[in-house]
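Enquirer: I have a structure here, written as C-alpha coordinates, and I will follow up with some questions on it.
The values are calculated or read from the model by the stated rules, or taken from the named source; none is laboratory data. Given the structure is predicted, the values throughout are model-derived calculations rather than measurements. When we count neighbours, we look across all protein chains shown, and the Cβ atoms used for this are built from the backbone with ideal geometry, even at glycine. Calculation scope for accessible area: heavy atoms of the full protein, side chains included, ligands and nucleic acids excluded. Shrake-Rupley method; radii C 1.70, N 1.55, O 1.52, S 1.80 Å.
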Amino acid sequence: MEWTTRRLALLGAVWAAGLLASGRYPFDRATWWMEVAPVLIVMPLLWGLRRRFPLTGLALMLVGIHGLILMLGGAYSYARVPAGHWVQDWLHLARNPYDRLGHFAQGFVPAIVFREALIRCGGLARGRLLTMLVIACCLAVSAAYELIEFGAAMALGQGADEFLGTQGDPWDTQWDMLMCLVGAATSLLTLSRLHDRQIARLGKQTGSS
(Lines give C-alpha, C1' and ligand atoms only; values in the text may rest on other atoms or scores of the structure.)
Protein backbone atom coordinates (compact mmCIF):
# COMPACT_ATOMS: atom_id res chain seq x y z
CA MET A 1 0.00 0.00 0.00
CA GLU A 2 2.93 2.30 -0.67
CA TRP A 3 0.85 4.40 -3.07
CA THR A 4 -1.65 5.11 -0.29
CA THR A 5 1.12 6.22 2.04
CA ARG A 6 2.52 8.55 -0.60
CA ARG A 7 -0.89 10.12 -1.21
CA LEU A 8 -1.50 10.61 2.50
CA ALA A 9 1.97 12.09 2.95
CA LEU A 10 1.24 14.58 0.16
CA LEU A 11 -2.16 15.41 1.67
CA GLY A 12 -0.55 15.83 5.09
CA ALA A 13 2.03 18.24 3.66
CA VAL A 14 -0.64 20.31 1.87
CA TRP A 15 -2.84 20.41 4.95
CA ALA A 16 0.09 21.29 7.20
CA ALA A 17 0.96 24.22 4.95
CA GLY A 18 -2.69 25.27 4.91
CA LEU A 19 -2.98 25.09 8.68
CA LEU A 20 0.17 27.15 9.15
CA ALA A 21 -0.98 29.78 6.66
CA SER A 22 -4.56 30.02 7.94
CA GLY A 23 -3.64 29.82 11.60
CA ARG A 24 -0.89 32.43 11.59
CA TYR A 25 -3.12 35.48 11.95
CA PRO A 26 -6.75 34.30 11.92
CA PHE A 27 -9.55 36.80 12.32
CA ASP A 28 -10.67 35.02 15.48
CA ARG A 29 -8.54 32.31 17.10
CA ALA A 30 -11.43 30.42 18.73
CA THR A 31 -13.34 30.36 15.43
CA TRP A 32 -10.26 29.07 13.66
CA TRP A 33 -9.94 26.15 16.06
CA MET A 34 -13.60 25.23 15.65
CA GLU A 35 -13.47 25.44 11.86
CA VAL A 36 -10.30 23.36 11.40
CA ALA A 37 -11.22 20.76 14.03
CA PRO A 38 -12.54 18.32 11.37
CA VAL A 39 -9.15 18.42 9.64
CA LEU A 40 -7.37 17.56 12.88
CA ILE A 41 -9.75 14.64 13.40
CA VAL A 42 -9.81 13.27 9.85
CA MET A 43 -6.07 13.10 9.20
CA PRO A 44 -5.30 10.64 12.03
CA LEU A 45 -8.29 8.55 10.91
CA LEU A 46 -7.00 8.40 7.34
CA TRP A 47 -3.59 7.25 8.53
CA GLY A 48 -5.09 4.73 10.94
CA LEU A 49 -7.28 3.20 8.23
CA ARG A 50 -4.81 3.38 5.36
CA ARG A 51 -4.22 -0.39 5.30
CA ARG A 52 -7.69 -1.67 6.14
CA PHE A 53 -9.65 0.91 4.16
CA PRO A 54 -7.58 3.04 1.78
CA LEU A 55 -9.72 5.59 -0.02
CA THR A 56 -9.87 5.94 -3.77
CA GLY A 57 -7.91 8.79 -5.28
CA LEU A 58 -11.14 10.67 -6.02
CA ALA A 59 -12.39 10.46 -2.43
CA LEU A 60 -9.01 11.44 -1.02
CA MET A 61 -8.69 14.42 -3.37
CA LEU A 62 -12.16 15.67 -2.41
CA VAL A 63 -11.39 15.28 1.30
CA GLY A 64 -8.21 17.30 0.76
CA ILE A 65 -10.06 20.12 -1.00
CA HIS A 66 -12.73 20.18 1.68
CA GLY A 67 -10.05 20.57 4.33
CA LEU A 68 -8.65 23.61 2.53
CA ILE A 69 -12.16 25.13 2.30
CA LEU A 70 -12.48 24.78 6.08
CA MET A 71 -9.05 26.32 6.69
CA LEU A 72 -9.82 29.34 4.53
CA GLY A 73 -13.12 29.85 6.31
CA GLY A 74 -11.36 29.55 9.65
CA ALA A 75 -8.71 32.09 8.71
CA TYR A 76 -11.11 34.89 7.76
CA SER A 77 -14.41 33.61 9.22
CA TYR A 78 -16.91 32.59 6.57
CA ALA A 79 -18.57 35.99 6.35
CA ARG A 80 -15.24 37.69 5.53
CA VAL A 81 -13.52 35.40 3.02
CA PRO A 82 -12.30 37.76 0.23
CA ALA A 83 -13.22 35.36 -2.60
CA GLY A 84 -16.78 35.35 -1.26
CA HIS A 85 -16.87 39.14 -1.34
CA TRP A 86 -15.75 39.09 -4.96
CA VAL A 87 -18.61 36.75 -5.87
CA GLN A 88 -21.00 38.85 -3.76
CA ASP A 89 -20.06 41.99 -5.68
CA TRP A 90 -20.08 40.24 -9.06
CA LEU A 91 -23.55 38.74 -8.58
CA HIS A 92 -24.91 41.62 -6.49
CA LEU A 93 -25.76 39.33 -3.57
CA ALA A 94 -26.95 40.47 -0.18
CA ARG A 95 -24.35 38.41 1.71
CA ASN A 96 -20.98 36.73 1.34
CA PRO A 97 -21.79 33.31 -0.23
CA TYR A 98 -18.66 31.49 0.98
CA ASP A 99 -20.65 29.87 3.80
CA ARG A 100 -23.02 28.45 1.20
CA LEU A 101 -20.03 26.98 -0.64
CA GLY A 102 -18.84 25.40 2.59
CA HIS A 103 -22.17 23.67 3.14
CA PHE A 104 -22.37 22.63 -0.51
CA ALA A 105 -19.00 20.94 0.02
CA GLN A 106 -20.37 19.42 3.23
CA GLY A 107 -22.68 17.38 0.99
CA PHE A 108 -20.52 17.07 -2.14
CA VAL A 109 -17.48 15.51 -0.45
CA PRO A 110 -19.08 13.19 2.15
CA ALA A 111 -21.40 11.82 -0.56
CA ILE A 112 -18.44 10.14 -2.26
CA VAL A 113 -16.93 8.96 1.03
CA PHE A 114 -20.23 7.48 2.24
CA ARG A 115 -20.86 5.95 -1.19
CA GLU A 116 -17.46 4.29 -1.07
CA ALA A 117 -18.02 2.93 2.44
CA LEU A 118 -21.50 1.60 1.64
CA ILE A 119 -20.32 -0.14 -1.53
CA ARG A 120 -17.05 -1.55 -0.24
CA CYS A 121 -18.01 -2.34 3.35
CA GLY A 122 -21.78 -2.60 3.21
CA GLY A 123 -21.88 -4.50 -0.07
CA LEU A 124 -24.71 -2.34 -1.41
CA ALA A 125 -25.46 -2.52 -5.12
CA ARG A 126 -25.57 0.64 -7.20
CA GLY A 127 -29.09 1.92 -7.42
CA ARG A 128 -31.81 3.95 -5.75
CA LEU A 129 -31.30 2.49 -2.29
CA LEU A 130 -27.62 3.40 -2.32
CA THR A 131 -28.43 6.91 -3.51
CA MET A 132 -31.07 7.41 -0.81
CA LEU A 133 -28.77 6.15 1.94
CA VAL A 134 -25.87 8.34 0.80
CA ILE A 135 -28.05 11.45 0.76
CA ALA A 136 -29.54 10.52 4.16
CA CYS A 137 -26.04 10.13 5.63
CA CYS A 138 -24.98 13.52 4.25
CA LEU A 139 -28.08 15.20 5.71
CA ALA A 140 -27.37 13.49 9.03
CA VAL A 141 -23.87 15.02 9.02
CA SER A 142 -25.36 18.42 8.19
CA ALA A 143 -27.92 18.13 11.01
CA ALA A 144 -25.20 17.08 13.46
CA TYR A 145 -23.11 20.09 12.45
CA GLU A 146 -26.06 22.42 12.95
CA LEU A 147 -26.53 20.95 16.43
CA ILE A 148 -22.85 21.60 17.14
CA GLU A 149 -23.37 25.21 16.04
CA PHE A 150 -26.43 25.40 18.30
CA GLY A 151 -24.36 24.13 21.22
CA ALA A 152 -21.62 26.64 20.49
CA ALA A 153 -24.16 29.46 20.35
CA MET A 154 -25.67 28.41 23.67
CA ALA A 155 -22.26 28.07 25.33
CA LEU A 156 -20.54 31.13 23.90
CA GLY A 157 -23.42 33.53 23.28
CA GLN A 158 -22.36 36.39 21.01
CA GLY A 159 -18.86 34.93 20.90
CA ALA A 160 -20.14 32.24 18.53
CA ASP A 161 -21.30 34.68 15.85
CA GLU A 162 -18.19 34.25 13.69
CA PHE A 163 -18.45 30.45 13.89
CA LEU A 164 -22.15 30.48 13.01
CA GLY A 165 -21.71 32.84 10.06
CA THR A 166 -25.44 33.57 9.82
CA GLN A 167 -24.87 37.14 8.59
CA GLY A 168 -28.28 38.09 9.98
CA ASP A 169 -30.22 35.45 8.01
CA PRO A 170 -32.93 33.84 10.22
CA TRP A 171 -33.15 30.94 7.74
CA ASP A 172 -29.42 30.24 7.70
CA THR A 173 -29.76 26.75 9.21
CA GLN A 174 -32.32 25.72 6.61
CA TRP A 175 -30.21 27.13 3.78
CA ASP A 176 -27.16 25.27 5.12
CA MET A 177 -28.97 21.94 5.05
CA LEU A 178 -30.44 22.65 1.60
CA MET A 179 -26.97 23.41 0.22
CA CYS A 180 -25.71 20.15 1.71
CA LEU A 181 -28.54 18.30 -0.05
CA VAL A 182 -27.78 20.03 -3.35
CA GLY A 183 -24.08 19.26 -2.96
CA ALA A 184 -24.70 15.57 -2.26
CA ALA A 185 -27.07 15.20 -5.21
CA THR A 186 -24.67 17.03 -7.54
CA SER A 187 -21.79 14.83 -6.45
CA LEU A 188 -23.71 11.61 -7.10
CA LEU A 189 -24.97 12.82 -10.48
CA THR A 190 -21.57 13.95 -11.77
CA LEU A 191 -19.01 11.62 -10.16
CA SER A 192 -20.64 8.20 -9.68
CA ARG A 193 -19.32 6.65 -12.91
CA LEU A 194 -15.78 7.88 -12.28
CA HIS A 195 -16.06 6.71 -8.69
CA ASP A 196 -17.17 3.23 -9.79
CA ARG A 197 -14.12 2.90 -12.05
CA GLN A 198 -11.80 3.92 -9.24
CA ILE A 199 -13.43 1.51 -6.79
CA ALA A 200 -12.96 -1.32 -9.31
CA ARG A 201 -9.32 -0.35 -9.83
CA LEU A 202 -8.72 -0.13 -6.09
CA GLY A 203 -10.24 -3.60 -5.66
CA LYS A 204 -7.71 -5.03 -8.11
CA GLN A 205 -4.80 -3.24 -6.40
CA THR A 206 -5.77 -4.43 -2.93
CA GLY A 207 -7.01 -7.84 -3.96
CA SER A 208 -10.46 -7.14 -2.50
CA SER A 209 -13.82 -7.74 -4.16
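Enquirer: Over the Cα atoms, compute the radius of gyration (one decimal) and Dmax (the largest Cα-Cα distance, rounded to a whole number) for segment 1-125, in Å.
Expert: My reading of the Cα-based Rg and Dmax gives 16.1, 49 Å.
Enquirer: Taking 0.36 nm per residue of sequence separation and subtracting the Cα-Cα distance, how much length would be gained by fully extending the chain between Ala37 and Ala17, in nm to one decimal?
Expert: Values: separation 20, 0.36 × 20 = 7.20 nm, distance 1.56 nm.
Value of the extension gain: 5.6 nm.
Enquirer: Over the Cα atoms of segment 9-49, how large are the radius of gyration and the largest Cα-Cα distance (Dmax), in Å?
Expert: Reported Rg and Dmax, both Å: 11.0, 34.
Enquirer: Among Trp33, Met177, Pro110, flag the residue with its Cα farthest along the positive direction of the charge dipole of the chain, charges on Cβ as +1 for Lys/Arg and -1 for Asp/Glu.
Expert: In the chain, that residue is Pro110.
Enquirer: What residues from segment 39-54 fall in the zone where the backbone N is under 19 Å from a label point 7 Å along the Cα-to-C-beta line of Leu133?
Expert: Residues 53-54 qualify, since their backbone N sits under 19 Å from the label point.
Enquirer: Counting pairwise Cα distances across segment 65-115, what percent come out greater than 16 angstrom?
Expert: 41
Enquirer: With a 1.4 Å probe and all protein chains kept in place, how do Tyr145, Tyr76 rank by accessible area, largest first?
Expert: On the way: Tyr145 40, Tyr76 100 Å².
Sorted by accessible area, descending: Tyr76, Tyr145.
Enquirer: Ignoring everything except DSSP H segments at least 4 long, calculate the 222 nm mean residue ellipticity for the chain; use -39,500 (n - 2.57) per segment, divide by total residues, nearest 500. Walk me through the intermediate numbers first.
Expert: Details: 8 runs with 164 residues, N = 209.
Calculated at 222 nm, the ellipticity per residue is -27000 deg cm²/dmol.
Enquirer: Related question: In terms of the ratio Rg/(2.2 N^0.38 Å) built on C-alpha atoms, what value belongs to the chain?
Expert: Values: Rg = 17.8 Å, N = 209, 2.2 N^0.38 = 16.8 Å.
Expressed relative to 2.2 N^0.38 Å, the Cα Rg reads 1.06.
Enquirer: By how many nm would the segment from Met154 to Arg197 grow when fully extended, if each residue of separation counts as 0.36 nm and the alpha-carbon distance is taken off? Write down the numbers at each step before the final one.
Expert: Working: separation 43, 0.36 × 43 = 15.48 nm, distance 4.54 nm.
My answer for the length gained is 10.9 nm.
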